[in-house]
């Protein structure tokens, strides 16, 4: 209606004003009334730095992250002992932040330590540990009205990982050739 009002204010008669939606196709012919001929895709489009159209799903995900935020939990575990090498890192972004809540941060770190102690970290159990971390964080944040995306990262370091079996030779780093 705003556009109709502007047209009238500029002196146009109502029969010379056409009100349509964005994307409407209007066919004009001499001495005939304009005819609507369908619609084309219209609206805002997001283009990335490479000139590619950003998919609708990515845009929706970004709005969810903006609204609810996310929590990244990063644990570094020693392969041989199965113990944490440092205090768990908890990083929050978006509209969600627990950085200022020291009591909650301490509680979460304590729970994360218990999860690591309760599981022997192997290739088979690492996904279970990530699941338990996510579950624990979500449980403690259930009282908040937001439900941030929880991203657990478990890094296992140390130990001898170069050999996979008793009779296999040590693996060489890529790009190093052995002279025979």
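The values are calculated or read from the model by the stated rules, or taken from the named source; none is laboratory data. Quick caveat: nothing in here was measured; it's all calculated off a predicted structure. As a convention, Cβ positions derive from the backbone with ideal geometry for all residues, glycine included, and neighbour counts pool all protein chains shown.
With respect to being touching a residue at least 12 places away in the same chain (Cβ under 8 Å) and either touching a strand residue (DSSP E or B) at 6+ places or on another chain (Cβ under 8 Å) or farther than 18 Å from residue 151 by Cα (or both), residue 115 falls outside the description. The residues on offer are 119, 140, and the sole one that is surrounded by 11 or more Cβ atoms within 10 Å (Cβ to Cβ), modelled with pLDDT of 80 or more and more than 29 Å from residue 67 (Cα to Cα) is 119. Just one residue in the set 93, 31, 62 is more than 26 Å from the chain's Cα centre (by Cα) and free of Cβ contacts under 8 Å to residues at least 40 places away in the same chain; that residue is 31. When we screen 94, 69 for residues that are touching a helix residue (DSSP H, G or I) at 6+ places or on another chain (Cβ under 6 Å) and within 17 Å of residue 151 (Cβ to Cβ), the only hit is 94. Against the condition free of Cβ contacts under 8 Å to residues at least 60 places away in the same chain and at positive phi, how does residue 82 come out, does it pass? Considered against the rule, which asks whether it is free of Cβ contacts under 8 Å to residues at least 60 places away in the same chain and at positive phi, residue 82 comes out as yes. Quick test of your reading of the structure: residue 61 fulfils all but one of (1) within 30 Å of residue 137 (Cα to Cα); (2) in contact with a helix residue (DSSP H, G or I) (Cβ under 8 Å, 6 or more places away or on another chain); (3) modelled with pLDDT of 85 or more; (4) outside any loop (DSSP other than H, G, I, E, B). Name the failing condition by number. Among (1) within 30 Å of residue 137 (Cα to Cα); (2) in contact with a helix residue (DSSP H, G or I) (Cβ under 8 Å, 6 or more places away or on another chain); (3) modelled with pLDDT of 85 or more; (4) outside any loop (DSSP other than H, G, I, E, B), residue 61 violates only (2).
Within the range 118-149, the residues that satisfy the criterion of being touching a strand residue (DSSP E or B) at 6+ places or on another chain (Cβ under 7 Å) and within 17 Å of residue 72 (Cβ to Cβ) are 126, 129, 130, 133, 134, 137, 138, 148, 149.
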